[in-house]
Structure formats: structure tokens, C-alpha cells
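The values are calculated or read from the model by the stated rules, or taken from the named source; none is laboratory data. Bear in mind that the values here come from a model prediction, so they are computed numbers and not experimental data. Don't worry about glycine lacking a Cβ; one is built from the backbone with ideal geometry, like all the others, and counts go over all protein chains shown.
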Amino acid sequence: MSGNIYVVNVGTNASHPFCSPIFEDGTFEFIPIPEDRQLEGVHGVKYRDLRSFYRPTEDLSKYIPDRFMDITTHNDPEFDSLTYGDNCDINARAQALKSVKRGDFLLFLARLQKYIKNGLEVTPTSEFGFYFVGFLHVDSVYMSVTNPLSALEMEAINLNAHVRRAMTDNSLWDSFWVFCGSSWSRRFEKAVPVTKKLCCEVFTSADGSPWSWDNGRTELQTIGSYTRTCRCAINPSSPEGQKRYAVLWDWINRFS
């Protein structure tokens, strides 16, 4: 595996009143952001429909406020059929993904909240961190989708959140892109911590310079600011890129 690595920030963040939980053993549940509108009918996935990765008969209601349980969630990425979608044509944050090709990686980064065991229950702490939660090894890309595709193509992408939106409202075939993962893609069993040390070893700014950590922001804020926009984080075509590529995958294999 030697494709470019794009880091994509996903899931609920500091602007939402709840957060994906991570537990003391490194396991976690991924909670996506709310949709920007309520999607009724069979294509809308509500928060009450989300299931535990480890215990599929259980929902995630203990981590989500009651008032959100009947709200539609933008369940993206989804790891059942291995897809991720974005509005790469119009969303400045995602425009770099227009360069993604077969064999590249979308490495998903999420902000998680630490939970600790308290008797038979788990309770949230005030500690948050960024973690890698999975990746797509890109097998195919559907670009600028403005209409339903062929039946075979729709079968590959019909679980994606952008497709679900469009199937409830024709105006939402809005030139979105969908990335489909190969069988190498996976949602991690355990979240992979994204630390200052790791970032200094494997990531650079868009101009190739090291990240700046001495600007009055916390480490969490610094990581969030540098990963807010999707971009190619590692190109392994150069010796330096190969070195950073190897360090990153070694780190992922160590924790996931």
C-alpha cells in the first residue's frame, strides 16, 4: 500500500453538545454530525438508529442527549459499505479531495471524549483528544454526482449520507463526490491517538514547514486547526515522504 494519505476530520466536534466516546481500553464509538435538515422516510438515519460497533444490539443513547435521538444524522463516513462523501466542488474545506485517485487513503480523524468506568457504568470526563478512527483505501471515486447512477453503481454507494439525502430530495443531487473503499479499508477496533510527537514526525504545513505549537493555543486546538481542511498529508513518492509514511503506519499498527 503506497498511495497518498489524505487526513479527513470527521464526526462531532467542539461545536456540538455531545462527542464520540473513547474508553479506557482504547475502544470507542463513532458519532457523526447532525444533518443540516431533517430527512424523513427510509433514507434518513436518526441518532436512535446508530448501533454500537462492539455490541450491535445496543444503541448509542447513553452518549447522545435525548433531544437528538429523533434527529437525522449525517452518517459519513460509513463503514458498512465503506464510503465517504463530500461536496468537493463547492466546499473549500474538501476541494483537495478532488485529487484523490484509486489507491490513495482517506485517513479519518475524530475528536473523542474520554469516558471512565464507574461501577457498572461509564461516565464522561472533561478530557478530549484527536484520534484516527479508520481509513478508506480508495477503490473508486464517483465525481460530481448530479443524478442517480446506474443500478450497479447505486448499489455501491446507496448507504452513503449524501446519496441518502439526494434520495429524499432531488435538489440534493448537488454535485457531491463519493469515495468507495477497497477491502483493505477498515474502521479501527481501537482509536489511534494523535499526539504532538506524532504530528511533529509525520505532518507538515501546506508549505512544507513544521507545525507551529507556540502560538498560545492548546495542543488540541493546534491539531484541530491544521486538520480542519482536507489535504494530502503525506505523499510517499519522495524519500522523506516514504519515511513519514512508514512512521505513520507503524504508529497506527501499534494502537489500532
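Data overview
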item	result
Any chance T146 is touching a His at 6+ places or on another chain (Cβ under 7 Å) and of a type in the set (V, I, T)	no
Long-range neighbours under 6 Å by Cβ, at least six apart or interchain, first residue in contact (Cβ under 8 Å) with a residue 24 or more places away in the chain within segment 6-17, second charged (D, E, K, R) and surrounded by 21 or more Cβ atoms within 10 Å (Cβ to Cβ)	N13/R111
Inter-residue pairs, beta-carbon under 7 Å, first closer than 17 Å to D76 by Cβ and in segment 23-52, second part of a loop (DSSP other than H, G, I, E, B) and polar (S, T, N, Q), 6+ apart	E29/S52; I31/T12; P32/N75; I33/T12; V45/N75
Scan of segment 78-87 for residues that are in a loop (DSSP other than H, G, I, E, B) and crowded, with 24+ Cβ neighbours inside 10 Å, ordered by number	L82
So A191, is it touching a Leu at 6+ places or on another chain (Cβ under 7 Å), small (G, A, S) and assigned to a strand (DSSP E or B)	yes
Among residues of segment 49-68, those that are more than 17 Å from the chain's Cα centre (by Cα) and crowded, with 16+ Cβ neighbours inside 10 Å, counted	5
Check on R93, assigned to a helix (DSSP H, G or I), touching a residue at least 60 places away in the same chain (Cβ under 8 Å) and basic (K, R)	yes
Segment 136-148 - residue that is in contact with a helix residue (DSSP H, G or I) (Cβ under 8 Å, 6 or more places away or on another chain) and crowded, with 17+ Cβ neighbours inside 10 Å and, of those, nearest to D104 (Cα to Cα)	Y142
Counted residues, segment 122-150 - those being part of a strand (DSSP E or B) and touching a residue at least 24 places away in the same chain (Cβ under 8 Å)	20
Segment 202-253, subset touching a residue at least 60 places away in the same chain (Cβ under 8 Å) and charged (D, E, K, R), residue nearest to F105 (Cα to Cα)	R231
Failed condition for D104, given (1) over 24 Å from S225 (Cβ atoms); (2) modelled with pLDDT of 95 or more; (3) of a type in the set (D, E)	(1)
Positions within segment 158-179 being within 13 Å of P77 (Cα to Cα) and surrounded by 21 or more Cβ atoms within 10 Å (Cβ to Cβ), in sequence order	N160, A161, H162, V163, R164, W177, V178, F179
Total residues in segment 22-36, condition surrounded by fewer than 21 Cβ atoms within 10 Å (Cβ to Cβ) and either more than 13 Å from the chain's Cα centre (by Cα) or outside any loop (DSSP other than H, G, I, E, B) (or both)	8
Given (1) at pLDDT below 95; (2) over 20 Å from the mean Cα position of the chain (by Cα), index of the condition R231 fails	(2)
Hey, V202 buried (at least 16 other Cβ atoms within 10 Å of the Cβ) and over 18 Å from the mean Cα position of the chain (by Cα) or not	yes
Any hit, segment 179-189, residues being more than 18 Å from the chain's Cα centre (by Cα), modelled with pLDDT of 95 or more and hydroxyl-bearing (S, T, Y)	no
Subset of segment 130-176 (residues that are of a type in the set (D, E, K, R) and farther than 30 Å from C19 by Cβ)	D139, E153, E155
Qualifying positions in segment 1-21 - hydrophobic (A, V, I, L, M, F, W, C), over 13 Å from the mean Cα position of the chain (by Cα) and not in a loop (DSSP other than H, G, I, E, B)	I5
